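The values are calculated or read from the model by the stated rules, or taken from the named source; none is laboratory data. On a predicted model such as this, the values are computed, not experimentally measured, just so you know. For neighbour counting, all protein chains shown are included, and Cβ atoms are generated from backbone atoms with ideal geometry for every residue, glycine included. Accessible surface areas use protein heavy atoms only, side chains included; no ligands, DNA or RNA. Shrake-Rupley method; radii C 1.70, N 1.55, O 1.52, S 1.80 Å.
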Amino acid sequence: MADDTGAFRAIQHDGATPQPHRRGPLRPERLQPVRSRVSGAGIARLFQAGDAAALMAASFAAGLLIDLPKVMWIGAPLLAVLLLVATGAYAMNSRERSRRRFGRLLIAAAAAGGGAGTACGLLDPAFPAIGCAAWVAAAASALVLSHLLWGAILKDLRKRGLLTPNLIIVGGTASAQRLIKRALKTRDVNILGVFDDRRDRVGPKVCGVPVLGKTADLIDHRILPYVDRIVVTVPPKASARIAQLLERLAPIPNPIFLLLDDTDDETETQAIGRIADFDLMHVSGAAERSGYLLAKRALDLTLSILALIALAPLMTAVAIAIRLDSPGPVFFRQRRHGYMNEEIVVWKFRSMRVEASDHKAARQVSADDDRVTKVGRFIRKTSLDELPQIFNIITGEMSVVGPRPHAIGMLSGGAEASKLVETYAHRHRIKPGLTGWAAVNGSRGPVDTAEDVRRRVALDLEYVERRSFWLDIAIILRTAPCLLGDSGAVR
């Protein structure tokens, strides 16, 4: 993870560290890439599970004082969590008053205890009312303590820039100005900048937020890896303008939403009020599925750590063979495209002579390539050269399954691969992988022609649209033949 200065340099075209006034009032002190940010939906589920555990502990504590039937042990905690979900307790709105927040907890505990107590009374007329009261008291205490903890966690996540969404606005309209003014009051979102083709008319800033350029400047801007959503603000009647903007923004991997500059003040106010929850018209970009992302990350960590332990002797042997075969370092590091166009450093075992190393992939590897060493031919053929990418998976820069990361500026047939297909960057809507749908469907190794690039991108985008936990498992199982060697592919 880069330090503050590095993060700011990463999003400046000239590489200079920006002055504080250039950052604007809604830009966090430390920018975090999208891949390292926390899912609000995932956090809410974690809090729900924590409350359920706290309520079960409350049932145990109350049970020490009086014998509680199973309805109170299980039914009351479940009912309390359902009531909390139904009343929006897990929205964790930073502007909600503490009195209302904790009042909701007490009401949920009382209602759940009363409901479960009533059921107990119907099943057993001898059930004492004090049992219900004991559970309510224990449950209310447990919920208050747990939500004090959740509040501290959320405050820390927001402070570190891991939870509050980062937005870019396209269009310096009146709606954009109202959105910025509201964000300045509520701090629900971070607005990193504005892009507008009418820069001369809009000026250098919109309500203090810097105008970073025109719409065309956003396509390859280095701020994109830090942006959760791109919000296009345009008048709803300007259908031609909307279509033009969306066409220009088509190559961008980040999710795009429309916030219409509605003439109905009440409708617009409601939309702006819910923007922190991304309650906007979804135009492009895969919708977040926090359950799948959590399961995928758990699978990545489990497989990569087990693989690192199991393959440590083999990786050691490969490292020794490389050192004995040719002078130079064991590892080869190359800058490649990661999630949301983030530049990451990918690790491989070195398979070429040091003086012939191609860090920008200006020349694709060919059969009997004279740059490849003897050991390099073997480890490339068996894909052993990719094993150090296990470290990229553990750090969260890559996944086990995903589109293969391409070198930045990689050339195919003399042209930059990223310029050959308009939707090329859409493959970066998910983390790159050690293996992927394209690899198990024959698109493995170099992409020498424009047709090869188009086929690779088509397969990658097919995976982006279809991805699921079970598809990942199937791809992993189908990868084994590739790892053992594929005589049809040049590596």
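All but one of (1) modelled with pLDDT of 70 or more; (2) over 16 Å from Ala140 (Cα atoms); (3) open to solvent by 50 Å² or more (accessible area, probe 1.4 Å) hold for Gly88; state the number of the condition that does not hold.
(3)
Between a first residue in the range 153-165 that is crowded, with 18+ Cβ neighbours inside 10 Å and a second residue that is not in a loop (DSSP other than H, G, I, E, B) and not polar (S, T, N, Q), which pairs have beta carbons less than 6 Å apart while being 6 or more apart in sequence or on different chains?
Short answer, once both residue conditions are applied: Leu163/Leu157; Thr164/Arg158.
Taking Pro225 as the residue in question, decide whether it is open to solvent by less than 30 Å² (accessible area, probe 1.4 Å) and modelled with pLDDT under 90.
So Pro225 fails the test.
Only residues that are surrounded by 22 or more Cβ atoms within 10 Å (Cβ to Cβ) and free of Cβ contacts under 8 Å to residues at least 24 places away in the same chain: list them for the range 373-417, please.
Result: no residue meets the conditions.
Could you check, for the range 206-214, whether at least one of its residues is modelled with pLDDT under 85 and open to solvent by less than 60 Å² (accessible area, probe 1.4 Å)?
no
Failed condition for Tyr424, given (1) surrounded by 17 or more Cβ atoms within 10 Å (Cβ to Cβ); (2) farther than 19 Å from Asp448 by Cβ, with all others met?
(2)
Quick check, is Ala310 in a helix (DSSP H, G or I), modelled with pLDDT under 90 and not β-branched (Val, Ile, Thr)?
no
Can you name the residue in the range 228-239 that is of a type in the set (A, V, I, L, M) and at pLDDT below 80 and is also farthest from Leu258 (Cα to Cα) among such residues?
Among those residues, the one meeting the criterion is Ala238.
Which of the residues spanning the range 435-466 are hydroxyl-bearing (Ser, Thr, Tyr) and either in a helix (DSSP H, G or I) or open to solvent by 30 Å² or more (accessible area, probe 1.4 Å) (or both)?
Thr449, Tyr463
Quick one: in the range 188-205, of everything that is open to solvent by less than 70 Å² (accessible area, probe 1.4 Å) and among the charged types (D, E, K, R), which residue is modelled with the highest pLDDT?
Step by step, filter the range 188-205, then rank; the result is Asp196.
Within the group Arg353, Arg333, which residue is open to solvent by 30 Å² or more (accessible area, probe 1.4 Å), closer than 26 Å to Lys296 by Cβ and touching a strand residue (DSSP E or B) at 6+ places or on another chain (Cβ under 9 Å)?
Result of the check over Arg353, Arg333: Arg333.
Consider the range 231-252. How many of its residues are among the acidic types (Asp, Glu) and surrounded by 14 or more Cβ atoms within 10 Å (Cβ to Cβ)?
0
Can you tell me which residue within the range 29-56, out of those that are under 30 Å from Pro77 (Cα atoms) and under 14 Å from the mean Cα position of the chain (by Cα), is surrounded by the most Cβ atoms within 10 Å (Cβ to Cβ)?
Taking the candidates together, the pick is Gly40.
From the residues in the range 467-491 that are basic (Lys, Arg) and in a loop (DSSP other than H, G, I, E, B), which one is modelled with the lowest pLDDT?
Top of the filtered list is Arg491.
Just need a number here: residues in the range 436-472 that are over 20 Å from His426 (Cα atoms) and free of Cβ contacts under 8 Å to residues at least 24 places away in the same chain.
Residues meeting the conditions: 1.
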